[in-house]
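Engineer: The structure's right below; bear with me while I get my questions together.
The values are calculated or read from the model by the stated rules, or taken from the named source; none is laboratory data. Please read all numbers here as calculations on a predicted model, not as lab measurements. All Cβ positions, glycine included, derive from the backbone under ideal geometry; neighbour counts span all protein chains shown.
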There are 4 protein chains.
Amino acid sequence: MTQVSESDVLGVGLVGTSFMGRVHTQAWTLAPRAFDLALTPRVVAVAGQNPERTAAFAARHDIARASSDWRDLLDDPHVDVIDICVPGDLHAGIAEAALAAGKHVLCEKPLSNSLAEAESMVAAARSAREHGIQSMVGYSYRFVPALAHARELVRTGRLGKIRHVRAQYLQDWIVAEDFPLVWRLDRERAGSGALGDLGAHIVDAATFVTGHRLIGVSALTETFVTERPLPAESGALAATAGTGRGPVTVDDAAVFIGRTDGGALATFEATRFASGRKNAMRLEVNGSLGSISFDFENPNELWFHDHTVDESEAGFRRIHVTEPSHPFAGAWWPAGHGLGYDHAFVHEVVEFTRAIADRRTPDPSFEDGLAVQRVLDAVERSAAGQARWVPLDPRESDL
Amino acid sequence: MTQVSESDVLGVGLVGTSFMGRVHTQAWTLAPRAFDLALTPRVVAVAGQNPERTAAFAARHDIARASSDWRDLLDDPHVDVIDICVPGDLHAGIAEAALAAGKHVLCEKPLSNSLAEAESMVAAARSAREHGIQSMVGYSYRFVPALAHARELVRTGRLGKIRHVRAQYLQDWIVAEDFPLVWRLDRERAGSGALGDLGAHIVDAATFVTGHRLIGVSALTETFVTERPLPAESGALAATAGTGRGPVTVDDAAVFIGRTDGGALATFEATRFASGRKNAMRLEVNGSLGSISFDFENPNELWFHDHTVDESEAGFRRIHVTEPSHPFAGAWWPAGHGLGYDHAFVHEVVEFTRAIADRRTPDPSFEDGLAVQRVLDAVERSAAGQARWVPLDPRESDL
Amino acid sequence: MTQVSESDVLGVGLVGTSFMGRVHTQAWTLAPRAFDLALTPRVVAVAGQNPERTAAFAARHDIARASSDWRDLLDDPHVDVIDICVPGDLHAGIAEAALAAGKHVLCEKPLSNSLAEAESMVAAARSAREHGIQSMVGYSYRFVPALAHARELVRTGRLGKIRHVRAQYLQDWIVAEDFPLVWRLDRERAGSGALGDLGAHIVDAATFVTGHRLIGVSALTETFVTERPLPAESGALAATAGTGRGPVTVDDAAVFIGRTDGGALATFEATRFASGRKNAMRLEVNGSLGSISFDFENPNELWFHDHTVDESEAGFRRIHVTEPSHPFAGAWWPAGHGLGYDHAFVHEVVEFTRAIADRRTPDPSFEDGLAVQRVLDAVERSAAGQARWVPLDPRESDL
Amino acid sequence: MTQVSESDVLGVGLVGTSFMGRVHTQAWTLAPRAFDLALTPRVVAVAGQNPERTAAFAARHDIARASSDWRDLLDDPHVDVIDICVPGDLHAGIAEAALAAGKHVLCEKPLSNSLAEAESMVAAARSAREHGIQSMVGYSYRFVPALAHARELVRTGRLGKIRHVRAQYLQDWIVAEDFPLVWRLDRERAGSGALGDLGAHIVDAATFVTGHRLIGVSALTETFVTERPLPAESGALAATAGTGRGPVTVDDAAVFIGRTDGGALATFEATRFASGRKNAMRLEVNGSLGSISFDFENPNELWFHDHTVDESEAGFRRIHVTEPSHPFAGAWWPAGHGLGYDHAFVHEVVEFTRAIADRRTPDPSFEDGLAVQRVLDAVERSAAGQARWVPLDPRESDL
């Protein structure tokens, strides 16, 4: 038998052990097994608030070192990348310290809880970039093969002039009025509610797929249930009610309309009150030559209408985006053997690992994260002003 | 053999021989065959601009009398009902004259091309009503069994508190830039574009299903193709290009968001530029206890999610709205044998015939038509003011 | 005003006033309104068992004469066509007498309750044909635009070599064990159960779409509920239970596999025990260059996969078969405004009316009906012999 | 920082480095991360035909030892489990040797290429079981949450008496006539074609979900393309053509009908010639109280019709099988965040690991594999005898 040796390792230090921390860990584990990578990422350390929980997480995921202080990871010479999987109020602090310490940074979305923080993070990212230190924001839906393929169809002109962008992100996990006041319902921790959690994804995905940027928005937000029981123990999504009640300080839903720099009309809706919709992240784009339509509840399907086909044979076709020629799909299973939610994260860390190896800026960058942040900020200002029009300058994010 | 005699006839005078005229004629023909009616409607006269075409229409549809002047129908003692199937600029004139002449009036939607006309029509309808003369506006989607059933589900509390109304009406028949300048693209004739043609339907349907009314809107409209070839001969939807070009004076698309008097957020989108969507009149309503979803491209299906079902068995269910217990469906075929676009019009004239026989106001009334008109007007004002918030007082239409 | 006159009338004498009688009457009424026809069909007489019910039917449908004896219609000089809408045990007797009396015959499917009767009917049809008297069997699904379009795609080579035919007709109206013993469950009246009622349709549709004929079958049938309450009053589908019980003498379900003369494998399933499937008449055909798929629960959709498209853009596309270029669709409404169950019958009588005017054999002919009958007979023989292989000679029906 | 230690390891020796070898390796890697397990599986050795390829596989998947002879794994004291992921002609030899060597065995499906081999394997498994050595066959679809949930619905009586089982497994990867002669088209290696590859899955899944077993079948098989180019290099699914041609010695498609010991009619279809169907593993079951329907092209959805619901609200509902209460789903992500093809294999090895830890027979056992084999054998005998009825005794597999 041959002893197997290991290629160059990219050490990852994970911050956060909840839902996102787990998804990322799995992604780092699978990435080098499914894709050819010049660097082999490996999660070598993890930091979490609760020492027992963090130790258990490390044991389960075969992570060598566990700590209750994320600063320990910055001192760890085996850590090359800091992967931030904690609520938004901590993003800026950790990301900027990590970049200053010469660590590459992958930061969960939304980039931050405020526009000011996002601008500061971009400034830090730009400084670090000059020293070969990369940064990326985790808009994972860019890495769903169906959406990456949609972008290709747009990019190669198959949709023609884009007229409509129609995006929705519909969930229902807080429809029950006695669902407890978890951190995602707390403005201090989460920044905003459905807007930052879900709306951020569809704003980014719309830009990613179409290349268009919003030049102004008009928005409404609503908090349908204004007070909820305090949680016995706070988790991300599942939680049990404890004693006492507290105010919900974020939006339950946000709807907005806008115009893009490419002349399209855009509609957006993000909500946690769409009973029966579990994770309906939807995007439809209509162009002069064709349309695409996507719903994450069937994540391996991209619906494409080719408007140049004779009307007698035209119609939305269900492309099962699992062919070797589709983005990312060739690294996995035969056609028709679909991927799940977590595979997109594998593709995301593959992109980050490759960008680091290639010494280039990954996609999406902190600037892309800032561009989303500008929209979220505009939406909140518009909603505060009773849907008043708030213009956006798409060039700002490019500066 | 027995000679067959005839029950009491309700004479109908049809104005207009295009698409809508034909759909209505068929509806009047089938209504007494499929439904038990105290009065038997019969189209006894038709008026159209072009004498040859009108005569041919009459011959084909077994209509006794044809005229090129709608005023002839008002003098016809066999005409009890005037059915207005012509462009919106003619509605008010014909409707008011007919009501004054003591004829019941069924007027195609939208009620009129301006809010002022609609108000005047409602005033005329109210006067006539005092003399037992009825009036109805043709929001035909109310008579699609799936939507009527959706309303029942809402009415009986199956959806709980309504949080979201999400309505779209997507078509694509003018995506080609050389599609000619038919009357529906002319503000003088049509009043507005996608807004009045399609948006009107979804505004009415949303109110019909939910019982909620909008208390304010913020809107954007767009004309993507501003100049088109003049038509060789103008038809409603199909037309061939002639020589010369002219300006498109209506919107190609309208998007708007709003709040309802029941505390819901609402989004609306009406467009003729959604490539691949032929007649996607869609409505989704999310409530605290359940949701419904509808798309006219599959008109016999209502999707219903019962949020009170245990999560392990819950999900949107496809109700094939063709059971004897479903609205209107019992008059037709066995379960599973679906209806088409035209059947809703049969139900519409059944409602009108019954209302006349019962001496009650039909549903939807001219007041319902005016309520839609107020929303369309608010949308246009908002769009003209760069999506500024335009409040609506739902009580106004009840006055 | 102009008096409207009438073109040449084709007098129709209807036999049967139940579900099918009503659908046919409506079809004859709408056909000349929607289509250009050299002859104008008109139902001028109706015969039914129950005099009151028949008179009421005549009154409701504007039919001049009613009788309780179908032989009266044969003597009626205004009757040119006999339209047979009664159970299968009466088909041969009425059809042969009518043809002998020089009347054209439209006979509901299945053509007969036995192969011998069908052969006799074909002989009668051939004799009559020599005198310009036409006959047609009512396989209405041929006239659903989506299936007619599917046939076109096959005929023009878009599917290549056909490998698989997969047909199902699933209903659920007798799942309840106390559903009464209506005539369709009585072998004397109905000939067979799901096999002749539903299986006949998919056998015909498969042949119609593909052009292939079965060269042998292996079959199983089953009667799940062998005894049922006698009906209080027997209707076709809906009925209430009376007193006493009786044996079910037909199959509840039939499944069979076979080979076609074009080298394809075929699977068929017909059942009234598929809970939740209301009228799922489904056909999928897979060929070397493409596939089509159809389900009557969404009757306006044809799914087409073009296997010559690059895999990255390929997939089943939903063609909304409502474009002017689609079969029959141009006579109706704009694209996207779908048709219902009954419209296919309009197309069916249009074909019959045109064939009579053109002095040609309509499609499907009695010979087509016989071809189905041979398959049903083979299926029953196979099932009786524990799925033994029963060969079929497709040329027999052409003799 | 805390050093992380490791719990009890279950050493896995993998045989085979192709598609299945890779899926299994990933499953073993993720299982202890996603699920709580008393034993922690770890792939510690791998054997493959090609030394370079095997070494590369080991390196990529962090496997300590690589060998070109599977017998080496039997001698390896760190190997507790032999996981067989090679073509069927090798199953019996490896499995029996491994069991004799005291290794637990997970064997890919179908269990073997012949009934005799399967019987021999079951005998070996039974002997080994007496010494606490477990064996399992890899019918992975049992571990798709939607199908496991379907079984639960049946088991708890939600479907009532089962009347119909309707199963299809449709692929299209060899539709092109110049697709090369890979090992799966070689009877020596693969045993059979679509039948053993795809048909085996649906036979097992039907039994798993319904609990019914077939008591007889009537079958047809077909090889549409009888000769193909020899492959340049043989892979499982993807391959390029080399020089020369050879005969296809397996079926391209198999269709069969049968009866179950629970009184249901069953239809099965397995094919690699269904253009446009990529991996449509479908199962529908109709019962007196409800139905379920599944299609692996949307693997996270189970369609359930509850026939006890009032007809006005009844219909197939789309259960997104991602709730914490659904089988396996609670170990993964929040509701609506679906799983992919590979997750079922994680669940499969979790079951095996737990069975080993609990010293119980895993599910599905070799006996379950043998039961499928009996059906495949009966299908081949029926097809060889022109669809003659071949009875099956379901009790045989229980002996």
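Engineer: If you scan the range C:206-228, which residues turn out to be facing chain D (nearest Cβ under 9 Å) and among the small types (Gly, Ala, Ser)?
Structural biologist: Selection gives C:Gly216, C:Ser218, C:Ala219.
Engineer: Can you name every residue in the range D:169-202 that is among the acidic types (Asp, Glu) and either within 14 Å of chain C (Cβ to nearest Cβ) or closer than 21 Å to C:Gly287 by Cβ (or both)? Walk me through how you get there before you give the answer.
Structural biologist: Kept after step one, since they are among the acidic types (Asp, Glu), are these residues of the range D:169-202: D:172, D:177-178, D:186, D:188, D:197.
Scanning the range D:169-202 gives D:Asp172, D:Glu177, D:Asp178.
Engineer: Among the candidates A:Val44, A:Val12, which residue alone is out of contact with any Pro (no Cβ under 9 Å at 6 or more places or on another chain) and within 25 Å of D:Ala59 (Cα to Cα)?
Structural biologist: Sole residue among the options that is out of contact with any Pro (no Cβ under 9 Å at 6 or more places or on another chain) and within 25 Å of D:Ala59 (Cα to Cα): A:Val44.
Engineer: Can I ask one more? Of the numbered conditions (1) crowded, with 24+ Cβ neighbours inside 10 Å; (2) of a type in the set (A, V, I, L, M, F, W, C); (3) in a loop (DSSP other than H, G, I, E, B), C:Ala314 satisfies every one except a single condition; which is it?
Structural biologist: Here C:Ala314 clears every test but (1).
Engineer: Could we say that B:Asp89 is without any contact (Cβ under 8 Å) to a residue 40 or more places away in the chain, closer than 24 Å to B:Ala190 by Cα and charged (D, E, K, R) here? Before you say what the answer is, go through the steps one by one.
Structural biologist: On the way: without any contact (Cβ under 8 Å) to a residue 40 or more places away in the chain: no; closer than 24 Å to B:Ala190 by Cα: yes; charged (D, E, K, R): yes.
The answer is no for B:Asp89.
Engineer: Out of the range D:140-199, which residues are of a type in the set (S, T, N, Q) and either within 30 Å of D:Gly242 (Cα to Cα) or touching a strand residue (DSSP E or B) at 6+ places or on another chain (Cβ under 6 Å) (or both)?
Structural biologist: Start the filter on the range D:140-199 by keeping residues that are of a type in the set (S, T, N, Q), which leaves D:140, D:156, D:168, D:171, D:192.
D:Gln168, D:Gln171, D:Ser192, listed by residue number.
Engineer: Using the structure shown, decide if D:Val12 is in a strand (DSSP E or B) and farther than 23 Å from A:Pro41 by Cα.
Structural biologist: Numbers: in a strand (DSSP E or B): yes; farther than 23 Å from A:Pro41 by Cα: yes.
Yes.
Engineer: OK, next. Which of the following residues is buried (at least 20 other Cβ atoms within 10 Å of the Cβ), outside any strand (DSSP E or B) and either in the same structural domain as C:Leu185 (by TED's automatic domain parsing) or in contact (Cβ under 8 Å) with a residue 60 or more places away in the chain (or both): C:Glu323, C:Glu269?
Structural biologist: Details: C:Glu269 fails: outside any strand (DSSP E or B).
Selected residue: C:Glu323, the only one of C:Glu323, C:Glu269 that is buried (at least 20 other Cβ atoms within 10 Å of the Cβ), outside any strand (DSSP E or B) and either in the same structural domain as C:Leu185 (by TED's automatic domain parsing) or in contact (Cβ under 8 Å) with a residue 60 or more places away in the chain (or both).
Engineer: Could I ask something else about it? Quick check on my filter: what residues within the range B:119-159 are of a type outside the set (D, E, K, R) and within 14 Å of chain D (Cβ to nearest Cβ)? Talk me through it step by step, then tell me what you get.
Structural biologist: Initial filter on the range B:119-159 (of a type outside the set (D, E, K, R)): B:120-125, B:127-128, B:131-141, B:143-150, B:153-154, B:156-157, B:159.
B:Pro145, B:Ala146, B:Ala148, B:His149, B:Ala150, B:Leu153, B:Val154, B:Thr156, B:Gly157, B:Leu159 - these are the residues of the range B:119-159 that are of a type outside the set (D, E, K, R) and within 14 Å of chain D (Cβ to nearest Cβ).
Engineer: So which residues in the range C:272-291 are surrounded by 23 or more Cβ atoms within 10 Å (Cβ to Cβ) and either free of Cβ contacts under 8 Å to residues at least 60 places away in the same chain or over 21 Å from D:Ser293 (Cα atoms) (or both)?
Structural biologist: If the condition is that a residue be surrounded by 23 or more Cβ atoms within 10 Å (Cβ to Cβ) and either free of Cβ contacts under 8 Å to residues at least 60 places away in the same chain or over 21 Å from D:Ser293 (Cα atoms) (or both), then C:Asn286, C:Gly287, C:Gly290, C:Ser291 are the ones that fit.
Engineer: Can you confirm whether the range D:53-76 contains a residue that is within 26 Å of D:Leu198 (Cα to Cα), outside the structural domain of D:Leu376 (by TED's automatic domain parsing) and not hydroxyl-bearing (Ser, Thr, Tyr)?
Structural biologist: First, pick out the residues of the range D:53-76 that are within 26 Å of D:Leu198 (Cα to Cα): none.
No: the range D:53-76 contains no residue that is within 26 Å of D:Leu198 (Cα to Cα), outside the structural domain of D:Leu376 (by TED's automatic domain parsing) and not hydroxyl-bearing (Ser, Thr, Tyr).
Engineer: Would you mention how many residues in the range D:90-120 are surrounded by fewer than 23 Cβ atoms within 10 Å (Cβ to Cβ) and touching an Asp or Glu at 6+ places or on another chain (Cβ under 6 Å)?
Structural biologist: Of the residues in that region, 2 qualify.
Engineer: If you don't mind, another one. Determine if the range A:220-239 includes at least one residue that is surrounded by 22 or more Cβ atoms within 10 Å (Cβ to Cβ) and either of a type outside the set (D, E, K, R) or touching a residue at least 40 places away in the same chain (Cβ under 8 Å) (or both).
Structural biologist: Scanning the range A:220-239 turns up at least one residue that is surrounded by 22 or more Cβ atoms within 10 Å (Cβ to Cβ) and either of a type outside the set (D, E, K, R) or touching a residue at least 40 places away in the same chain (Cβ under 8 Å) (or both).
Engineer: May I pose another question? What number of residues within the range B:312-323 satisfy the criterion of being over 20 Å from A:Ala280 (Cα atoms) and within 7 Å of another protein chain (Cβ to nearest Cβ)? Before you say what the answer is, go through the steps one by one.
Structural biologist: Pass one, the range B:312-323, residues over 20 Å from A:Ala280 (Cα atoms): B:319-323.
Subsequent filtering for residues that are within 7 Å of another protein chain (Cβ to nearest Cβ) retains B:319-320, B:322-323.
Residues flagged as over 20 Å from A:Ala280 (Cα atoms) and within 7 Å of another protein chain (Cβ to nearest Cβ) within the range B:312-323 amount to 4.
Engineer: Can you name every residue in the range D:326-347 that is facing another protein chain (nearest Cβ under 7 Å) and assigned to a helix (DSSP H, G or I)?
Structural biologist: D:His343
Engineer: If I ask for residues that are part of a loop (DSSP other than H, G, I, E, B) and either surrounded by fewer than 16 Cβ atoms within 10 Å (Cβ to Cβ) or at the interface with chain B (Cβ under 10 Å from one of its Cβ atoms) (or both), which ones from the range C:65-81 would you list?
Structural biologist: C:Ser68, C:Asp69, C:Asp76, C:Pro77, C:His78
Engineer: So is C:Val4 of a type in the set (A, V, I, L, M, F, W, C), outside the structural domain of C:Trp183 (by TED's automatic domain parsing) and modelled with pLDDT of 95 or more or not?
Structural biologist: Numbers: of a type in the set (A, V, I, L, M, F, W, C): yes; outside the structural domain of C:Trp183 (by TED's automatic domain parsing): yes; modelled with pLDDT of 95 or more: no.
No.
Engineer: Sort out for me the helices (runs of 4 or more DSSP H) sitting completely within the range B:125-236 that have 1 or more residues that are among the polar types (S, T, N, Q) and under 21 Å from B:Leu376 (Cβ atoms).
Structural biologist: Numbers: elements: B:145-155, B:187-190, B:200-210.
It comes to B:200-210.
Engineer: With respect to B:Val309, determine if the residue is away from chain C (no Cβ under 14 Å) and without any contact (Cβ under 8 Å) to a residue 12 or more places away in the chain. If you could, list the steps in order and put the result at the bottom.
Structural biologist: Details: away from chain C (no Cβ under 14 Å): yes; without any contact (Cβ under 8 Å) to a residue 12 or more places away in the chain: yes.
Against the criterion (away from chain C (no Cβ under 14 Å) and without any contact (Cβ under 8 Å) to a residue 12 or more places away in the chain), B:Val309 qualifies.
Engineer: Among the listed residues A:Arg60, A:Arg22, identify the single one that is farther than 22 Å from A:Arg129 by Cβ, basic (Lys, Arg) and surrounded by fewer than 21 Cβ atoms within 10 Å (Cβ to Cβ).
Structural biologist: On the way: A:Arg22 fails: surrounded by fewer than 21 Cβ atoms within 10 Å (Cβ to Cβ).
On inspection, the qualifying residue turns out to be A:Arg60.
Engineer: From the list C:Ile94, C:Ile133, C:Ile82, which one is within 17 Å of the chain's Cα centre (by Cα) and either without any contact (Cβ under 8 Å) to a residue 24 or more places away in the chain or more than 21 Å from C:Leu283 (Cβ to Cβ) (or both)? Working first, answer last.
Structural biologist: Numbers: C:Ile94 fails: within 17 Å of the chain's Cα centre (by Cα); C:Ile133 fails: within 17 Å of the chain's Cα centre (by Cα).
After ruling out the rest, the residue left standing is C:Ile82.
Engineer: Kindly indicate whether any position in the range B:29-38 is facing chain C (nearest Cβ under 8 Å), touching a His at 6+ places or on another chain (Cβ under 9 Å), at pLDDT 95 or above and under 16 Å from C:Pro32 (Cα atoms).
Structural biologist: For the range B:29-38, residues facing chain C (nearest Cβ under 8 Å), touching a His at 6+ places or on another chain (Cβ under 9 Å), at pLDDT 95 or above and under 16 Å from C:Pro32 (Cα atoms): present.
Engineer: Of a type in the set (Phe, Trp, Tyr), assigned to a strand (DSSP E or B) and facing another protein chain (nearest Cβ under 7 Å), is that true of C:Phe304? It would help to see each step written out before you state the result.
Structural biologist: On the way: of a type in the set (Phe, Trp, Tyr): yes; assigned to a strand (DSSP E or B): yes; facing another protein chain (nearest Cβ under 7 Å): yes.
The answer is yes for C:Phe304.
Engineer: Still on this structure, I have one more. Can we say D:Ser382 is crowded, with 20+ Cβ neighbours inside 10 Å and assigned to a strand (DSSP E or B)? Step through it out loud before you land on a result.
Structural biologist: Details: crowded, with 20+ Cβ neighbours inside 10 Å: yes; assigned to a strand (DSSP E or B): no.
In short, no.
Engineer: A further question follows. Would you call A:Leu283 more than 14 Å from chain D (Cβ to nearest Cβ) and out of contact with any helix residue (DSSP H, G or I) (no Cβ under 9 Å at 6 or more places or on another chain)? It would help to see each step written out before you state the result.
Structural biologist: Details: more than 14 Å from chain D (Cβ to nearest Cβ): yes; out of contact with any helix residue (DSSP H, G or I) (no Cβ under 9 Å at 6 or more places or on another chain): no.
So A:Leu283 fails the test.
Engineer: Under 6 Å between Cβ atoms, at least 6 apart or on separate chains: pull out the pairs that start in the range B:152-181 with a residue that is on the phi > 0 side of the Ramachandran plot and end on any residue that is surrounded by fewer than 22 Cβ atoms within 10 Å (Cβ to Cβ) and assigned to a loop (DSSP other than H, G, I, E, B).
Structural biologist: B:Gly160/B:Ser288; B:Gly160/B:Leu289
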